[in-house]
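Peer 1: Below you'll find the structure I mean.
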Amino acid sequence: MKDSYSCVVEPAGLDRSFDLHRAAYERIFARLGLPAIAVQASSGSMGGSTSVEFMSPSEAGEDLVVRCPGCDYAANTEKATSALPVVVDGPGPDVPERFDTPEARTIEELTRRHDVPAERQIKTLVYVVDGRLTLILVRGDHNLVEQKLIDTLAATAVRPATAEEIQATLGASPGSLGAVGVTGLPVLADEALRSRTDMTTGANTDGVHLRGVSVERDIAVQCWADLREVTAGEPCPRCGTPLEVVVTIEVGHIFKLGRKYTETLGVSVLGPDGGRVVPIMGSYGIGVERALASIVETHHDEKGIVWPVSVAPFEVAVVVLGGSDEKVAETAESLYRRLRGERVDVLMDDRDERPGVKFRDVELIGIPYRITVGARGLAGGTVEVTTRATGETRAVPVAEAAEHVRKLLTAAV
């Protein structure tokens with residue numbers, strides 16, 4: 001991990017340092033050949049604000065990014081939101097009605113057995129938040145994002161409650177839970193449930209549900225927040241275009257730490273007026289190993305890796321065909337030494353192997369350029385220069401080969 005920190009005395013200084021780091025990181029990833037998307041993100045346990053992650057699209061990734069193809073909106077699923085269409089419900093009954101659901105313990109079973117659409121159900125999740133049992137409500141067809149819950153409550157310890165804890169407190173098993181009539185426990189609800197009426201939820205009695213529930217009339221919600229996971233196709237919160245969800249690898253993360261750690265450690269410095277000031281910090285990191293893995297995921301083909309010149313372990317491979325031929329060996333050695341003298345990272349393959357084996361090894365490793373030196377080419381005064389990314393091969397006069405490759409390298413960086 002490559003880490004950087006800034007420490008300044010004024011918020012304006014933090015803003016400037018943050019913007020400079022962001023611009024520098026964008027240049028770094030561009031030079032690495034990484035299509036890194038800058039997205040809104042959660043700062044997680046480190047705390048702070050204005051968090052931006054750099055995410056590289058890859059099917060081998062472990063993170064999901066929500067982005068809009070119609071504007072520049074992009075966010076990690078831990079932070080992403082969308083503009084759900086307004087739902088107009090019927091008024092429903094004056095009070096919720098109980099009905100038996102003995103074989104319906106999931107959202108799907110309630111839909112299948114009792115014809116209650118998932119979007120008209122209230123999913124009740126029970127978590128232990130900083131030691132206190134808490135009810136979390138989301139729409140039946142939505143999923144909770146735990147990081148959003150943590151960020152909303154500024155919680156330090158969050159975990160799902162056990163079945164035993166739920167039974168002891170609510171008197172029912174998971175699958176029949178609800179928040180109607182619940183007092184003495186914190187109740188948080190996702191914004192998608194605000195003003196909803198004629199909904200269905202568990203009755204806190206095994207095998208029984210309630211229908212005709214008006215969320216704000218029947219449930220004592222203490223906190224409304226964006227808690228749900230955004231899915232592909234939902235409208236962008238900025239322009240309304242259907243959103244995409246992309247699998248990515250996180251390669252960088254920058255955020256404003258604020259005074260969390262300087263206050264904790266009792267750090268202070270002299271300000272411009274001579275008084276003591278607690279510095280404001282920023283944190284900036286690049287995952288070096290992740291970046292390398294992302295480059296390989298982005299730059300490869302059926303033959304192997306295709307390294308961008310800026311990060312290739314070797315920029316050029318001099319492949320010798322027929323090393324027992326004195327002229328071939330001398331020409332290859334001369335090209336190798338000249339390129340080394342011009343500070344080119346060059347590898348020479350003079351093994352006693354078939355040409356096909358040598359070519360496949362260079363392709364597998366992903367060296368950007370290959371100079372092939374063989375008796376047939378030298379008979380015409382040339383060597384072959386092959387570009388790994390395109391497979392293009394050109395015959396170049398021996399005297400011009402080193403300069404030709406140097407120009408290719410300069411143009412590629």
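Peer 1: Neighbour counts of other C-beta atoms within 10 Å: give me R370, R351 arranged from fewest to most.
Peer 2: Fewest-to-most ranking of R370, R351: R351, R370.
Peer 1: Okay, moving on. In nm, to one decimal, how far is the R394 label point from the C239 one, both placed 7 Å along Cα→Cβ?
Peer 2: Here the modelled spin labels are 3.9 nm apart.
Peer 1: Answer with a single label: of [x] 61, 53, 51; [y] 97, 68, 41; [z] 63, 53, 45, which was calculated as Cα extents along the principal axes in Å from the structure in view?
Peer 2: Correct label, based on the coordinates given: [y].
Peer 1: If I model a spin label as a point 7 Å beyond the Cα along the Cα-Cβ vector, how far apart are those points for R194 and A232 in nm?
Peer 2: Going from the R194 label point to the A232 one covers 2.9 nm.
Peer 1: I would also like to ask the following. Fewest first, what order do M348, M199 take by the number of other Cβ atoms within 10 Å?
Peer 2: Ranked by crowding around the Cβ, least crowded first: M348, M199.
Peer 1: Provide the per-residue ³J(HN,Hα) series for the stretch 85-94, in order, calculated from phi with Karplus coefficients 6.51, -1.76, 1.60 and θ = phi - 60°, each as a whole number of Hz, with x at glycine and proline positions.
Peer 2: x, 5, 9, 9, 9, x, x, x, x, 5
Peer 1: What order do you get for V383, V138 when you list them from fewest to most C-beta neighbours inside 10 Å?
Peer 2: V138, V383
Peer 1: May I ask you to list the trypsin sites (Lys or Arg not before Pro) in the stretch 258-350 that are in a DSSP loop and have at most 11 other Cβ atoms within 10 Å of their Cβ?
Peer 2: Passing both the DSSP loop test and the Cβ count: R343.
Peer 1: Determine the alpha carbon to alpha carbon distance for each of K2/K358; K2/K123; K358/K407; K327/K407; K2/K260; K79/K303 and list only those over 30 Å.
Peer 2: K2/K358; K2/K123; K79/K303
Peer 1: Right, here's the next one. Return the calculated 222 nm mean residue ellipticity for the chain, to the nearest 500 deg cm²/dmol, obtained by summing -39500 (n - 2.57) across DSSP H runs with n ≥ 4 and dividing by the residue count.
Peer 2: That comes out to -8000 deg cm²/dmol.
Peer 1: Also: Taking the alpha-carbon distance from K148 and a cut-off under 14 Å, which aspartates and glutamates remain once sequence neighbours fewer than 8 residues away in the same chain are dropped?
Peer 2: E78, D190, E191, D226, E229
Peer 1: Spin-label point model (7 Å from Cα, Cβ direction): what's the R112 to D345 distance in nm?
Peer 2: Computed distance between label sites R112 and D345 equals 5.6 nm.
Bear in mind that the values in this text are calculations on the coordinates, not laboratory data. Quick caveat, the model's predicted, so the values are computed rather than measured. With ideal geometry, Cβ positions are generated from the backbone for all residues, glycine too; neighbour counts draw on all protein chains shown.
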